[in-house]
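J.: Questions regarding the structure given below will be posed in turn.
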């Protein structure tokens, strides 16, 4: 039995039914990079029980599962792997620091169909990188060699102004043509970098800066919760109850 089945409880290929296309193994490729963070299962957020979406669900428009984790530094780390309308494989990892830390949020999205692939790859800064230039130098600039290797994957940016305003300086977005294996490798490299940053992260010592960083983090979370088009897709395909839980789980 593979690690992904043992530790997370499903095999990504088992969700895929349409003939003539098999998605890349997004969960199997990414989970091993994160499992060494001493993660614990997160079962509720803001008094909302997440266990119903941590079951393998099968609905008319969507089937799949979510997993949520935390540790002494990470407030929440959410995995999504969902088959939508039997034609689109939707995968993502979204990770946030807890209130004692300020390392960037992990934003990894993988949306694959037979005809196209859409990716979002970012280590999204919690602090403004102009006002706090040291933040960029400390947490983000180390990923520049990886960014330079894979920046040809970048296509037209998001049409959402609010989302573009959140992005970090090493953001990779959109459709890398038929370079699917290479795009997945880029996501793997970004996750490796984020894991190393988390492992080295130290608690915030400056109380005034800590208040600023946490206020900004909550604004980022709130805007994603209220505006991310993925949220409306999940509400339509999973229904109001499961959809609400899924959005709370990653924002």
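J.: Per 10 Å bin from zero, what fraction in whole % of the C-alpha pairs of the chain is there, up to the bin with the longest pair?
T.: Cα pair-distance distribution for the chain, in percent: 7, 32, 39, 19, 3, 0.
J.: So what's the convex hull volume per residue for the Cα atoms of the stretch 123-229, in Å³?
T.: About 116 Å³ per residue, rounded to a whole number.
J.: Could I ask something else about it? If you rank 112, 75, 144 by fewest surrounding Cβ atoms within 10 Å, what's the result?
T.: Ranked by crowding around the Cβ, least crowded first: 144, 75, 112.
J.: Mind computing the radius of gyration and Dmax over the alpha-carbon atoms of the stretch 104-183? Å is fine for both.
T.: Both quantities, over Cα of the stretch 104-183: 13.3, 43 Å.
J.: To the nearest 10 degrees, how steep is helix 180-200 against the longest Cα principal axis of the chain, on a 0 to 90 scale?
T.: Compared with the principal axis, the helix lies near 40 degrees.
J.: Helix 229-238 sits at what angle to the longest principal axis of the chain, using alpha carbons and giving 0 to 90 degrees rounded to 10?
T.: Once rounded, the angle reads 40 degrees.
J.: Once both axes come from the Cα atoms, what is the angle between helix 207-227 and the longest principal axis of the chain, in degrees from 0 to 90, rounded to 10?
T.: 30
J.: Using alpha-carbon positions, what is the distance between the centroids of the stretch 135-187 and the stretch 26-83, in Å?
T.: 23
The numbers here are math on the coordinates, done by the rules we state, and not lab data. Predicted model, so just to flag it, every value in this text is computed and none were measured. Note that each Cβ is placed from the backbone with ideal geometry, even for glycine, and that neighbours are counted across all protein chains shown.
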